[in-house]
Amino acid sequence: MIKLLYYGHSCFLIETNKNRILIDPYFTGNPKTKINPNEIIADHILVSHAHFDHIGDAVAIAKKNNATIIGVYEIINYCSKQGASGFAMNIGGSHTFEFGDVQLTPAFHSSSLPDGSYGGLACGFLIRIQNKLLYYAGDTALSCEMKLIGEMNNVDVALLPIGDCFTMGPVDAAQAVEYIKPNVVIPMHYNTLPQIEQDPEDFADKVGDLSRVIVLGYGDTYEL
Ligand code: NI
Ligand code: MN
């Protein structure tokens, strides 16, 4: 059993029988978050890129839980300097962790660390756990690479940004669904800031019968 819990913006917790994998832990400063990051329990933390709304509380949570941060080399280097343990990867690379396999996918987006330094390339993740495949796109534009992801994999659940302005919007995200061909798509990265106000039901209309759109509210869980 795999549970996917949505903490708003682009933050999710994947819960299995043995592991708790947090993705892009943006709690502090997140206007939609009611949870204190000190309450979060996780053993692995995936960080898609270095912007504050994604790296967020990763270092603090990793140190408190003795969790491993997974991301590109530049982000792991930054987190390690602050005393958190991490596992560095880069775009295209895969690694098997105790919870499953992670591959870093391309994302068309910028990435700078909170101190202004270079954050490496932004990425997404293909996460295989218990024969289920999740594609977490991160912050990204629509790209042809998504077509390749759809051709090479059977994606069970795709987590796609729909907010527009900083990432693809609903029209491009619906095209991404056509490329990726996931069984289920969950929209993210919307309604946290005024610039990314979107109606997820409008996105669901655009996707139509290409896939099943599940709109998760804050704190909602989806079971795979
Ligand atoms: Ni970003
Ligand atoms: Mn973002």
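The values are calculated or read from the model by the stated rules, or taken from the named source; none is laboratory data. Model, not experiment: these values are computed from the prediction. Glycine also receives a Cβ, built like all others from the backbone with ideal geometry; neighbour counts cover every protein chain displayed. Accessible surface is based on the protein model in full, side chains and every heavy atom, while ligands, DNA and RNA are left aside. Shrake-Rupley method; radii C 1.70, N 1.55, O 1.52, S 1.80 Å.
Applying the Karplus relation 6.51 cos²θ - 1.76 cosθ + 1.60 with θ = phi - 60° to region 156-162 yields 3J(HN,Hα) values of 6, 10, 10, 9, 10, x, 10 Hz, where x marks Gly and Pro.
Give me the percent of DSSP beta bridges within region 125-207 that run antiparallel, rounded to the nearest 5.
Values: 5 of 13 bridges.
DSSP beta bridges in region 125-207 are roughly 40 percent antiparallel.
When the Gaussian network model of the chain links Cα atoms closer than 10 Å, the mean-square fluctuations of T33, T96, T105 top out at T96. Using a 1.4 Å probe on the protein chains only, how many percent of the accessible area of the chain belongs to carbon and sulfur? Summing carbon and sulfur atoms, their accessible area is 48 percent of the total for the chain. Close lysine pairs were tallied over the chain: pairs 8 or more places apart or on different chains with Cα atoms under 14 Å apart number 4. Were the residues from Y118 through E145 laid out at 0.36 nm apart, the gain over their Cα-Cα distance would be 7.4 nm.
Under 8 Å for C-alpha pairs, at least 6 residues apart: give me the relative contact order for region 95-188, rounded to a whole percent. Write down the numbers at each step before the final one.
Details: 191 pairs, mean separation 21.6, N = 94.
Once normalised by length, the contact order is 23 percent.
In this simple spin-label approximation, N38 and I91 carry label points 7 Å from Cα along the Cα→Cβ vector, and these lie 4.0 nm apart.
With an 8 Å Cα cut-off and a minimum separation of 6 or more residues, compute the relative contact order for the chain in percent. Show your work: numbers first, answer last.
Numbers: 569 pairs, mean separation 37.9, N = 224.
It rounds to 17 percent for the chain.
Taking G208, G169, G150 as the candidate residues, the one with maximal mean-square fluctuation in a Gaussian network model of the chain, Cα springs under 10 Å, is G208. For a paramagnetic label modelled on N19 (point 7 Å from Cα along Cα→Cβ), amide N atoms under 12 Å away belong, within region 66-101, to 68-70, 95-101. Between amide H atoms placed 1.01 Å from N, distances below 5 Å from F12 occur with Y7, I23, all of them 5 or more places distant or on a separate chain. Separation of region 63-129 and region 163-224, taken as the distance between their Cα centroids, equals 24 angstrom. Rounded to the nearest 10 square angstrom, K132 shows an accessible area of 70 square angstrom against a 1.4 Å probe. Rounded to the nearest 5, the antiparallel percentage of DSSP beta bridges internal to the chain is 55%.
Calculated accessible area for the chain comes out at 42 Å² per residue, all protein chains present (probe 1.4 Å; ligands, DNA, RNA ignored). Backbone geometry of region 98-106 corresponds, through the Karplus equation with coefficients 6.51, -1.76 and 1.60 at θ = phi - 60°, to 3J(HN,Hα) couplings of 5, 8, x, 9, 10, 10, 8, 10, x Hz, x marking Gly and Pro.
Calculated mean residue ellipticity at 222 nm for the chain: -5500 deg cm²/dmol, from DSSP H runs with n ≥ 4 weighted as -39500 (n - 2.57), summed, divided by the residue count and rounded to 500. Annotation: amide H-H contacts under 5 Å for F87 (H modelled 1.01 Å from N, sequence separation of 5 or more, or interchain): I69, I70, G71.
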